[in-house]
Amino acid sequence: MMEKTISAYAHQEETTNFLTNNPRCLVTSDPGTGKTRSVLDAHVQLYDKITTKEKDCSPNRFSLAKLPHL
């Protein structure tokens, strides 16, 4: 069975990019603008970035807690 993916709107992608480039921020978009979608997309992107870095590191020397802010 094929998964159907719904694309994010341009303003959601902009929010997602802002979230991934700023380690600390507050999303104050109006109700109904898709904040949840943007946050979840950012979470997935950052998780993928961390797990990719983890694969490149020796498991005996590094852990997720020791990785620098992304």
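Where a number appears in this text, it was derived from the coordinates with a stated rule and is not lab data. Bear in mind that the values here come from a model prediction, so they are computed numbers and not experimental data. So basically every Cβ, Gly included, is an ideal-geometry build from the backbone, and we count neighbours across all protein chains shown.
Summary of values
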| item | result |
| --- | --- |
| Proportion of all alpha-carbon pairs of the stretch 1-52 beyond 16 Å (%) | 43 percent |
| Simple spin-label estimate for Arg24 and Val44 in nanometres, 7 Å along Cα-Cβ | 2.9 nm |
| Counted charge near Lys35, where neighbours are those whose Cβ lies closer than 14 Å (Asp, Glu -1; Lys, Arg +1) | -3 |
